[in-house]
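Okay, structure first, notes after.
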Amino acid sequence: MPDSNEPMLQVSDLTYSYPSSGKRAVSGVSFSVARGEYVALLGANGSGKSTLARCVAGLLAPDGGSVTVSPALPPFRVPVGMVFQSPGDQIVAETVELDVAFGPENLGLPREEMRASVSAAIAEFGLTGLDSASSARLPTGRKQHLALAAVDALAPALLVLDEPTSMLSEASRESFLGYLARLRDSGVTVLHITHDIDEAVRADRALALEDGRIAFDGAPGDLLSLDPATLARLGLGPEEAALGGKAALGGKAAEAPGKAPRDGAAAGETAPGTVDAAASGSAAKPGETGPEPVLSCRDLSFGPLSGITLDLEPGTVTAVTGESGSGKTLLLELLAGLREPDSGLVLAPGGLSPRGHAALAVQESEASLFSEFVADDVAWGPRNSGVSGEELKRRVREAMDLAGLPFDTFADRRTFSLSGGERRKAALAGIIAMDAPVMLLDEPFAALDVRSRSQLAALILRLRDAGKAVAFTATRAGEREIADRTVSLPGPAAAPGQAETAAPRAAKAIADRELRSLERLREGEKGSWTLSDSPVHRLSPLAKFVLALSATVPAIAIRGWPWLLALLAVMPLPILLARLPARRFLASLLRVLPWLAALAAIQYAFLRDPAYAVEFLLRFLVLYAALSTFVAVTAHTEIMYGIEDFFAPLAFLGVPVRDVSLVAGIVFRFISLLYGEASRIATARLIRGAPSAKGRGLFAAVGSAASLFVPLMLRTLVRAERLAEAIHARYYGTGKNSRFLHWKSGMGERILILIAPLAAALLVYLSRA
C-alpha cells in the first residue's frame with residue numbers, strides 16, 4: 001500500500017536539454033511536494049517552467065536526475081494529470097463530451113460512473129449545453145475550459161497546470177481560482193505555473209526558476225520582499241511596470257518614456273471613452289473631433305458581431321474586450337481584411353484594401369513563424385513588401401529589440417527552440433517590422449511574464465506615439481489601462497462557445513480569390529462529420545463500418561462498367577437516408593471531377609480502351625460517394641469503435657486491435673488538424689504579405705506553394721508529437737478500456753450487417769462470372 005506520509009512529488013537533480021539547443025532548459029533542479037500541497041511555479045518566459053512540468057507529467061524523459069510521483073490514493077484515480085500551455089494541443093476527440101470522456105475510457109471506468117464524471121466536469125467549467133459541440137470550433141477561451149474539464153474527469157492526485165488562466169476572462173479566472181481552492185480543500189496536490197503573483201499568493205508555497213535553476217523556494221508572500229532587480233530577473237517586476245497585478249505589485253500601467261497614456265484613468269478606474277459596442281457600436285468620443293481615421297468599419301456584422309461601427313485614428317490605442325465567444329478575434333480578422341463580413345464595410349484611406357494596411361498579430365503565434373532562424377523570420381514580411389539591404393536589417397533589429405527579443409541574443413536562435421512566450425514575441429516582432437499604419441494584436445499579453453507584459457505595454461505606447469493606430473483584444477482589466485478607449489463586445493446570444501464559430505458565408509460566395517481559398521481551409525478544419533438523428537447516423541459504428549466496406553470493396557473488385565454503374569445507382573440511397581446536403585456533396589465532387597476526367601483521358605491515350613477509362617471513372621465515383629457518406633455520418637470516436645468491433649476476433653490471436661483502431665481514428669482526426677494548420681499558416685502568409693502566384697509563372701507558383709508546404713510539414717510533425725503526448729497524458733495504454741457511447745442494435749441492424757456484405761460478394765461474383 002502507498003504510504004500517505006511520503007511526498008506526492010519528489011524531483012532530484014533534474015536536468016533536461018532540448019536536442020540541438022546547446023543549452024540546458026532545466027539544470028540540477030531538486031524539490032519535493034507533500035500530498036495536498038498547493039505550489040505555485042513562477043519565472044520569466046524561457047526559464048524552464050513548462051519543461052519542468054512536462055518532465056513531472058512524464059511527457060519528457062530527463063537527461064539526468066529523477067522524477068518520482070507517488071501512487072494515487074482513493075478517491076483519486078490517477079497519480080498525475082496535466083493541462084498543457086496551449087489548450088488546442090490537448091484536444092483528442094471531435095466533440096466536447098467525447099474529449100472529456102477519452103481519459104475515463106482509458107481507465108476502464110464503468111459507463112454510469114464515467115458519464116457522471118464527464119457531466120460533472122463539463123458543468124464545473126461552464127460547458128453545459130455544449131456536450132455535442134465541435135471541439136475544433138470552440139473559441140480559445142472555451143478550449144481552455146475543455147482542457148481543464150478533460151483533466152478534471154481523470155481525478156488526478158497531482159494536478160499540473162501550465163498557465164491555465166492565460167486565455168480566461170476575469171470572471172472565468174476568478175471562477176477557476178475558486179475551483180483550485182476547492183481542490184486543495186479536497187486533498188489534491190497542485191503544481192500551478194503562473195506569471196501572476198496575485199494567483200501565486202493563494203498557494204501554500206512558491207518556487208521560482210531562473211535559467212533552469214531554482215532561484216526562490218518559500219512562502220508566496222516573501223516574493224514581495226525581493227529587491228526590484230531580482231523581481232525583474234524572475235519576470236515578476238519591476239513593481240512600477242507590472243500590469244494587472246496591483247494586488248501584489250502595485251499595478252501601475254506601463255508608460256512609454258516621457259509620455260503618459262492619453263486620457264488614461266488611474267489604476268482600477270474605467271478609462272474615459274469606454275463604450276459598449278452593443279449599444280453604440282462606436283468607440284468615438286462624443287463631442288470630440290480628431291484626425292481622420294486610418295481604418296474604419298461601418299455596420300459590420302458577422303457571426304456574433306452585429307452592427308459594429310468603429311474608427312481607428314492614428315496615434316490611438318483601442319482595447320477590445322468581451323467574454324469568450326463574443327467575437328473579439330473575428331473583429332480583428334475583419335479589420336485586417338482576412339474575412340468578408342456578412343454585411344457592412346471595412347474602409348481604408350483611398351479605397352485601399354485593409355489587407356496590407358493593417359497588420360494582425362494572431363493568438364496562435366507558432367503558425368506565424370516560417371523560417372528556421374528568428375531574424376530571418378522577422379525579415380520575412382518586410383522582404384515580401386520589397387524592403388532589402390540596410391533598411392531591412394534596421395527594421396529587423398529594431399522590431400526584435402522592441403518586442404523584447406534582443407537582436408544580439410536571439411537573431412540566430414532557431415524558432416522551434418523558443419518558449420511559448422518567446423514565440424509570441426517573435427511573431428509580434430514580425431508584425432512590427434512590417435511598419436503598417438494599423439497594428440492589430442490578438443491577446444498579446446497572454447502567456448507573457450510580468451516583465452514582458454510591462455515591455456509590451458510600453459511598446460504599444462511607443463507605437464501610438466509614432467502615429468500608429470493600435471487595437472488589441474484583452475481579457476483583464478489591467479491590460480486595458482493603457483488604452484485610450486475600450487470597445488466592449490456583448491456576450492454571445494447563443495450558447496457559449498457556439499456564437500463565435502457561427503457558420504460563415506460559403507466559400508464560393510466570397511469574391512476575393514485568396515479569401516475564398518482560406519475559407520475552404522477553415523471549412524476543412526470543421527471536418528465532414530455532421531450531428532444528426534437520421535437512420536444512418538443512428539446505426540452502430542460496426543454497422544457503419546460494414547456498410548462502408550460493402551461499398552468500397554466491390555468498387556475495387558468488380559469487373560465491367562455495367563456492374564459498376566449498377567453499384568453507383570445505389571449510392572444515392574444512403575446519402576438520402578443520412579439526410580446529407582446533396583448540394584454540398586455535388587459541389588465537392590465537381591471540384592475534383594476535372595482532375596478525374598483528365599486522369600481518365602490520360603489512361604485512354606495510353607491504353608486506347610474506352611471501357612477501361614469509363615471503369616476508372618465509375619470506380620472513383622463509387623469510392624468517393626461511399627467514403628464521403630461514411631465520414632459524414634461517423635465520428636472519429638465511432639471509427640475507432642467500429643474498427644475495434646470488426647477486428648475483435650483478432651484480439652484473441654494477440655493482434656493489438658485497440659491500437660490499430662486508435663491509429664485509424666487519429667488518421668481521420670489528423671485530416672481536420674492539417675486543414676486547421678494550413679488555414680492558420682495561410683492566414684499568417686496573407687498578413688505578412690506573401691505574394692500571390694496568380695499570373696506570375698511556374699516558378700512563382702512553386703515558390704508560393706513551398707512557403708506554405710514547408711511550414712505545414714513542420715507544423716504537422718509538431719502537432720503529431722503534441723497529439724501523441726495528449727493521448728499519453730490521458731492514460732491511453734493502461735490495458736483497460738470502456739466506452740462512453742453505447743448503441744442497442746436491433747434485429748433490423750443485425751440483418752443489415754449480414755445482408756450487406758453478402759450482397760456485395762454476390763455482385764463481385766456475378767461481375768466476374
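The values are calculated or read from the model by the stated rules, or taken from the named source; none is laboratory data. Given the structure is predicted, the values throughout are model-derived calculations rather than measurements. Because the Cβ atoms are built from the backbone with ideal geometry, glycine has one as well, and the counts that use them run over all protein chains shown. For the accessible areas, the whole protein counts, side chains as well, though only heavy atoms, and no ligand, DNA or RNA atoms are used. Shrake-Rupley method; radii C 1.70, N 1.55, O 1.52, S 1.80 Å.
Under the condition of being open to solvent by 40 Å² or more (accessible area, probe 1.4 Å) and of a type in the set (A, V, I, L, M), which residue from the range 599-610 is modelled with the lowest pLDDT?
Leu607
So Gly654 clears everything in (1) free of Cβ contacts under 8 Å to residues at least 40 places away in the same chain; (2) outside any helix (DSSP H, G or I); (3) under 25 Å from Leu531 (Cα atoms) except one condition, right? Which one?
(3)
Of the conditions (1) under 30 Å from Ser528 (Cα atoms); (2) in a loop (DSSP other than H, G, I, E, B), Pro164 satisfies every one except a single condition; which number is it?
For Pro164, the exception is condition (1).
Filter the range 172-206 down to residues that are among the hydrophobic types (A, V, I, L, M, F, W, C), at pLDDT 95 or above and more than 19 Å from Phe84 (Cα to Cα), then give me how many there are.
Selection size over the range 172-206: 2.
Write out, first by first residue and then by second, each pair whose Cβ atoms fall under 9 Å of each other, whose residues are 6+ apart or on separate chains, and whose first residue, in the range 548-571, is within 17 Å of Tyr612 (Cα to Cα) and without any contact (Cβ under 8 Å) to a residue 40 or more places away in the chain while the second is surrounded by fewer than 16 Cβ atoms within 10 Å (Cβ to Cβ) and of a type outside the set (A, V, I, L, M).
Once the first residue is within 17 Å of Tyr612 (Cα to Cα) and without any contact (Cβ under 8 Å) to a residue 40 or more places away in the chain and sits in the range 548-571, no partner that is surrounded by fewer than 16 Cβ atoms within 10 Å (Cβ to Cβ) and of a type outside the set (A, V, I, L, M) comes close enough.
Identify, by number, the condition in (1) assigned to a strand (DSSP E or B); (2) modelled with pLDDT under 95 that Asp3 doesn't meet.
Status for Asp3: all satisfied but (1).
Taking Gly46 as meeting all but one of (1) in a loop (DSSP other than H, G, I, E, B); (2) open to solvent by 30 Å² or more (accessible area, probe 1.4 Å); (3) over 30 Å from Asp198 (Cβ atoms); (4) among the small types (Gly, Ala, Ser), write down the number of the exception.
(3)
Every residue, every condition in (1) at pLDDT 90 or above; (2) under 22 Å from Gly746 (Cα atoms), yes or no:
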{"residue": "Lys508", "(1), (2)": "no, no"}
{"residue": "Arg520", "(1), (2)": "no, no"}
{"residue": "Ser532", "(1), (2)": "no, yes"}
{"residue": "Val536", "(1), (2)": "yes, yes"}
{"residue": "Lys544", "(1), (2)": "yes, yes"}
{"residue": "Ser550", "(1), (2)": "yes, yes"}
{"residue": "Ala557", "(1), (2)": "yes, no"}
{"residue": "Ala569", "(1), (2)": "yes, no"}
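Just a yes or no: is a residue in the range 82-89 free of Cβ contacts under 8 Å to residues at least 24 places away in the same chain, more than 25 Å from Thr230 (Cβ to Cβ) and open to solvent by 20 Å² or more (accessible area, probe 1.4 Å)?
No - not one qualifying residue is present in the range 82-89.
Could you list, in sequence order, the residues of the range 55-76 that are outside any strand (DSSP E or B) and open to solvent by less than 40 Å² (accessible area, probe 1.4 Å)?
Those that are outside any strand (DSSP E or B) and open to solvent by less than 40 Å² (accessible area, probe 1.4 Å): Cys55, Val56, Ala57, Leu59, Leu60, Ser70, Ala72, Leu73.
If Arg619 satisfies all but one of (1) farther than 30 Å from Ala136 by Cβ; (2) modelled with pLDDT under 80; (3) basic (Lys, Arg), what's the number of the condition it fails?
The failed condition is (2).
Look at the range 199-236 and say how many of its residues are in a helix (DSSP H, G or I), open to solvent by 40 Å² or more (accessible area, probe 1.4 Å) and more than 18 Å from Asn45 (Cα to Cα).
4
Could you say which residue among Leu623, Leu596 is touching a residue at least 60 places away in the same chain (Cβ under 8 Å) and surrounded by fewer than 18 Cβ atoms within 10 Å (Cβ to Cβ)?
Leu623
Report yes if Tyr38 is among the hydroxyl-bearing types (Ser, Thr, Tyr), open to solvent by less than 10 Å² (accessible area, probe 1.4 Å) and at pLDDT 95 or above, otherwise no.
Considered against the rule, which asks whether it is among the hydroxyl-bearing types (Ser, Thr, Tyr), open to solvent by less than 10 Å² (accessible area, probe 1.4 Å) and at pLDDT 95 or above, Tyr38 comes out as yes.
Considering only the range 571-587, state which residues are open to solvent by 80 Å² or more (accessible area, probe 1.4 Å) and either within 12 Å of Val622 (Cα to Cα) or of a type in the set (A, V, I, L, M) (or both).
Residues satisfying the conditions are Leu573, Leu576, Leu577, Leu586.
List the residue pairs whose Cβ atoms are under 8 Å apart, where the first residue sits in the range 122-149 and is without any contact (Cβ under 8 Å) to a residue 40 or more places away in the chain, the second is in a strand (DSSP E or B), and the two are 6 or more positions apart or on different chains.
Asp131/Thr95
Mind checking which pairs have a first residue in the range 744-769 that is of a type in the set (D, E, K, R) and a second that is in a loop (DSSP other than H, G, I, E, B) and open to solvent by 80 Å² or more (accessible area, probe 1.4 Å), Cβ under 6 Å, 6 or more apart or different chains?
Arg768/Arg559
Got a number for residues in the range 408-435 being within 14 Å of Asp377 (Cα to Cα) and open to solvent by 50 Å² or more (accessible area, probe 1.4 Å)?
4
Mind checking which pairs have a first residue in the range 674-689 that is closer than 13 Å to Gly337 by Cα and touching a residue at least 24 places away in the same chain (Cβ under 8 Å) and a second that is polar (S, T, N, Q) and in a loop (DSSP other than H, G, I, E, B), Cβ under 8 Å, 6 or more apart or different chains?
Matching pairs, first to second residue: Gly689/Ser385.
Tell me, yes or no, whether the range 139-159 has at least one residue that is under 18 Å from Lys49 (Cα atoms), crowded, with 24+ Cβ neighbours inside 10 Å and of a type in the set (A, V, I, L, M, F, W, C).
Yes: the range 139-159 contains one or more residues that are under 18 Å from Lys49 (Cα atoms), crowded, with 24+ Cβ neighbours inside 10 Å and of a type in the set (A, V, I, L, M, F, W, C).
Quick check on the range 556-563. Is at least one of its residues open to solvent by less than 30 Å² (accessible area, probe 1.4 Å) and outside any helix (DSSP H, G or I)?
Yes: the range 556-563 contains one or more residues that are open to solvent by less than 30 Å² (accessible area, probe 1.4 Å) and outside any helix (DSSP H, G or I).
Residue under question is Leu723, and the condition is that it be within 30 Å of Ala367 (Cβ to Cβ) and open to solvent by 80 Å² or more (accessible area, probe 1.4 Å); does it hold?
No.
What single numbered condition from (1) in a loop (DSSP other than H, G, I, E, B); (2) open to solvent by 40 Å² or more (accessible area, probe 1.4 Å) fails to hold for Leu590?
Result: Leu590 fails condition (1) only.
Looking only at helices (runs of 4 or more DSSP H) that lie completely in the range 380-436, which have at least 2 residues being without any contact (Cβ under 8 Å) to a residue 24 or more places away in the chain?
389-402, 407-410
From the set of residues in the range 12-35 that are among the charged types (D, E, K, R) and in a loop (DSSP other than H, G, I, E, B), which is surrounded by the fewest Cβ atoms within 10 Å (Cβ to Cβ)?
Only one residue tops the list, namely Lys23.
Under the condition of being part of a loop (DSSP other than H, G, I, E, B) and open to solvent by less than 80 Å² (accessible area, probe 1.4 Å), which residue from the range 737-752 is farthest from Leu109 (Cα to Cα)?
Ranking the candidates gives Gly746 first.
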